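To keep things clear, I will list the structure first and then write my remarks on it.
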Amino acid sequence: METRQINPWAWQDAFGYSQAWRVDGAGGFVFVAGQGPVSPDGTLVGEGDFDAQVRQTFENLRTVLEEAGSSLDSIVKLTVYLTDIARLRDYGRIRAEFLSGPPPAGTALQVGALAMPAMTIEVDAVAVV
């Protein structure tokens, strides 16, 4: 499989952002539903602690991708839903702890609420296998 980052301008580099990724020769795709800071028993992790919620969200994303035969390094598209868009830089800093290299193509949205009352983040993804 071959991947190539598509960034026709220079501004996105300062923001840790990729406009697109071209993927050739992928064996398959994994479309991951929204993952949030939920423990294996279904309870919220990190109430009132944004960093803990982001880390749990990425741990859950890793678990789902590995179960599907993929990995965090194979993500080509991420969408993050935040209840406070002002936390976007914090999200990006923590995302970089989990994803090496240039970031996948991404979209960030502020939403009024998520599935659980104290949930502050949800992430869905597309990865290649």
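The values are calculated or read from the model by the stated rules, or taken from the named source; none is laboratory data. Being a predicted model, the structure only gives us computed values, none of them experimental. Using ideal geometry, Cβ is built from the backbone for each residue, glycine included, and neighbour counts are taken over all protein chains shown. We work out accessible area using only protein heavy atoms, side chains counted, and drop any ligands, DNA or RNA first. Shrake-Rupley method; radii C 1.70, N 1.55, O 1.52, S 1.80 Å.
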Point to revise | Residue check, residue 106 at positive phi and not basic (Lys, Arg) | key: no
Practice item. Among the candidates 56, 5, single out the residue that is open to solvent by less than 80 Å² (accessible area, probe 1.4 Å), in contact with a strand residue (DSSP E or B) (Cβ under 8 Å, 6 or more places away or on another chain), more than 14 Å from residue 99 (Cβ to Cβ) and not aliphatic (A, V, I, L, M). Key: 56
Exercise for review: Determine if the range 34-57 includes at least one residue that is aromatic (Phe, Trp, Tyr) and part of a strand (DSSP E or B).
Suggested key: no
Practice item. Starting from the range 35-52, take each residue that is under 25 Å from residue 77 (Cα atoms) and among the charged types (D, E, K, R) and list its partners that are modelled with pLDDT of 95 or more and open to solvent by less than 40 Å² (accessible area, probe 1.4 Å), counting only C-beta distances under 8 angstrom and pairs at least six apart or across chains. Key: 51/94
Practice item. Evaluate the following for residue 63: is it under 19 Å from residue 126 (Cβ atoms), open to solvent by 40 Å² or more (accessible area, probe 1.4 Å) and of a type in the set (Ser, Thr, Tyr)? Key: yes
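Take the residues in the range 8-53 that are of a type in the set (Phe, Trp, Tyr) and surrounded by 10 or more Cβ atoms within 10 Å (Cβ to Cβ), then tell me which one is modelled with the highest pLDDT. Walk me through it before giving the result.
We begin by selecting, within the range 8-53, every residue of a type in the set (Phe, Trp, Tyr); these are 9, 11, 15, 17, 21, 29, 31, 50.
Checking the rest, the ones that are also surrounded by 10 or more Cβ atoms within 10 Å (Cβ to Cβ) come to 15, 17, 21, 29, 31, 50.
Numbers: 15: 72, 17: 67, 21: 77, 29: 90, 31: 91, 50: 98.
For the range 8-53, the residue satisfying everything is 50.
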Study note, to complete from the structure: Across the range 8-33, the tally of residues that are farther than 15 Å from residue 102 by Cα, in a loop (DSSP other than H, G, I, E, B) and of a type in the set (A, V, I, L, M, F, W, C) stands at 1
Practice item. List every residue pair whose Cβ atoms lie under 8 Å apart, where the two residues are 6 or more positions apart in sequence or sit on different chains, the first residue falls within the range 103-124 and is without any contact (Cβ under 8 Å) to a residue 40 or more places away in the chain, and the second residue, located anywhere, is open to solvent by 60 Å² or more (accessible area, probe 1.4 Å) and of a type outside the set (Lys, Arg). Key: 108/85; 108/88; 109/85; 110/84; 110/85
Exercise for review: Just give me the residues in the range 1-21 being under 19 Å from the mean Cα position of the chain (by Cα) and small (Gly, Ala, Ser), in sequence order.
Suggested key: 14, 16, 18, 20
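Residue-wise test of (1) within 15 Å of residue 36 (Cβ to Cβ); (2) outside any strand (DSSP E or B); (3) open to solvent by less than 60 Å² (accessible area, probe 1.4 Å).
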| residue | (1), (2), (3) |
| --- | --- |
| 73 | no, yes, no |
| 86 | no, yes, no |
| 93 | no, yes, no |
| 97 | no, yes, no |
| 103 | no, yes, yes |
| 106 | no, no, yes |
| 124 | yes, no, yes |
